[in-house]
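Asks: Once you've had a glance at the structure underneath, I'll fire off some questions.
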């Protein structure tokens, strides 16, 4: 963004999150600001993006309930995280928050279980402003569907995800697939 590389840092064990600027040497990370509040929510594994008005927004995994969102005008000072109505019934898993073709893609694990399988529903919502969201995809499976990543390459959005059948911690497969062409929308 703005010709600079930013990353979300995570200390899972300590429930610490931060936005950092990566310096040109690609070895130095300058921590700009932390967003860990409320600490009672045990927030971790965040995904961060910058909205059209310049505001930073992060969605954070909450090991004690639904996802929390926090915003910052400058990436340094963040408000206390809170649940948002457009992400109900979230589970404790890493979210995604990407922007492709001028559209934001917010991915989050739903607590609903298909045939008793943990992390078996993953939602992908879209927005042009980061405020109004609509469901674009809902992945449902009697297996796990977790920790996806989305990447754009030559006008196409690709997906990579882990999936398992029998264990809540061991994943037997890594799956890859084409999601859609950049900027396409279901109206």
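Asks: Provide the FRET efficiency to the nearest 0.05 for the residue 158-residue 64 pair, computing r from the beta carbons and using R0 = 25 Å.
Replies: That gives a FRET efficiency of 0.15.
Asks: With the Cα gyration tensor of region 87-187 giving a ≥ b ≥ c as the square roots of its eigenvalues, does the rule (a/c under 1.5 for rounded; else a/b larger than b/c for prolate; else oblate) give rounded, prolate or oblate?
Replies: Here region 87-187 falls in the oblate category.
Asks: May I pose another question? Which whole-angstrom value gives the distance between the alpha carbon centres of region 64-88 and region 119-182?
Replies: 21 Å
Asks: Can you tell me the order of 113-119, 144-150 when each peptide is scored by its average per-residue count of other Cβ atoms within 10 angstrom, highest first?
Replies: Per-residue Cβ counts within 10 Å, averaged per peptide and sorted highest first, yield 144-150, 113-119.
Asks: Then there's this: Between residue 112 and residue 53, what is 0.36 nm times their sequence separation minus the Cα-Cα distance? Round to one decimal in nm.
Replies: 17.9 nm
Asks: Between residue 129 and residue 40, what is the label-point separation in nm under the 7 Å Cα-to-beta-carbon projection?
Replies: Going from the residue 40 label point to the residue 129 one covers 3.3 nm.
Asks: Report the percentage of all Cα-Cα pairs in region 1-81 whose separation exceeds 19 Å, rounded to a whole percent.
Replies: Counting every Cα pair in region 1-81, those more than 19 Å apart make up 32 percent.
Asks: Another question about this same structure. Could you give the distance between the Cα centres of region 95-115 and region 21-49, to the whole Å?
Replies: 20 Å
Asks: Just 110, 154, 45 to compare: in a GNM of the chain, with alpha carbon springs under 10 Å, which one fluctuates most?
Replies: Comparing 110, 154, 45 in the GNM, the peak value goes to 154.
Asks: Which entry in (i) 46.0, 168; (ii) 16.3, 48; (iii) 15.1, 45 matches Rg and Dmax of the Cα atoms in Å derived from the coordinates of this structure?
Replies: Here Rg and Dmax of the Cα atoms in Å agrees with entry (ii).
All of the numbers you see were taken from the coordinates with simple rules; none came from a lab. Bear in mind that the values here come from a model prediction, so they are computed numbers and not experimental data. Reconstructed Cβ throughout: ideal geometry from the backbone, glycine too, with neighbour counts over all protein chains shown.
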